[in-house]
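Enquirer: Sharing a structure, written as structure tokens. Questions coming.
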Amino acid sequence: MQKIKKGDDVMVITGKDKGKRGTVLKVLDKDHVLVENINIARKHQKANPQAGEPGGIVDKMMPIQVSNVALYNPQKGGPDRVGFKILEDGRKVRVFKSDGEVVDA
């Protein structure tokens with residue numbers, strides 16, 4: 001089970017986008033995630049007349065390492081670490097380390 005999943009609300013804890021919040025769009029591998037409106041790079045794209053694509057400078061979302069983001073805790077109002085806990089019914093769920101609140105509903 002991974003600590004950060006698709007659809008999670010995360011906050012960047014280090015890097016050029018420190019303090020920004022976003023939603024995880026895709027988990028690329030065990031070390032990288034794609035977060036909405038985070039780590040935007042500008043790419044110079046050549047035009048492709050056959051496909052009807054114009055050229056110019058486009059903004060592109062780049063992956064960010066999982067170690068540079070933390071799950072957002074609404075009760076705390078900031079980033080929080082994540083742990084795991086096994087409930088009485090045998091389910092394994094993610095919990096916030098600061099208050100023990102269950103992340104997964």
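The values are calculated or read from the model by the stated rules, or taken from the named source; none is laboratory data. Since the model is a prediction, treat every value here as computed from it, not as a measurement. Note: ideal-geometry Cβ built from the backbone for every residue, glycine included; neighbour counts use all protein chains shown. Quick note on the areas: whole protein, heavy atoms, side chains included, nothing else; ligands and nucleic acids left out. Shrake-Rupley method; radii C 1.70, N 1.55, O 1.52, S 1.80 Å.
Enquirer: If I compute solvent accessible area with a 1.4 Å probe over the protein chains, what percent of it on region 8-75 is carbon and sulfur?
Expert: 50
Enquirer: What distance in nm lies between label points placed 7 Å from Cα along the C-beta direction at Asn37 and Lys6?
Expert: 2.2
Enquirer: Relative contact order for the chain: what is it in percent, counting Cα pairs under 8 Å that are at least 6 residues apart?
Expert: Answer for the chain is 21 percent.
Enquirer: Additional query: What translational diffusion coefficient, to the nearest whole µm²/s, does the chain have by Stokes-Einstein, given a Kirkwood radius computed over alpha-carbon pairs, a temperature of 37 °C and 0.692 mPa s viscosity?
Expert: For these conditions, the coefficient is 212 µm²/s.
Enquirer: Starting from the 7 Å offset along Cα-to-Cβ, what nm value, one decimal, do you get for the label separation of Leu28 and Thr14?
Expert: Distance between label points: 1.8 nm.
Enquirer: While we're on this one: Under the 0.36 nm per residue contour assumption, what length would be gained going from the current alpha-carbon distance of Ile57 and Leu87 to full extension?
Expert: 5.8 nm
Enquirer: Would you mind putting 86-94, 8-16 in packing order, based on average other-beta-carbon counts within 10 Å, highest first? Intermediate results must be reported in sequence, preceding the final value.
Expert: Details: 86-94: 9.8, 8-16: 16.3.
Peptide ranking by packing, descending: 8-16, 86-94.
Enquirer: If you build the Cα gyration tensor of region 1-51 and take the root of 5 times each eigenvalue, what three semi-axes come out, in whole angstrom, biggest first?
Expert: Semi-axes from the Cα gyration tensor: 27, 15, 9 Å.
Enquirer: By how many nm would the segment from Lys97 to Ala47 lengthen if fully extended, with 0.36 nm per residue of separation less the alpha-carbon distance?
Expert: Value of the extension gain: 13.1 nm.
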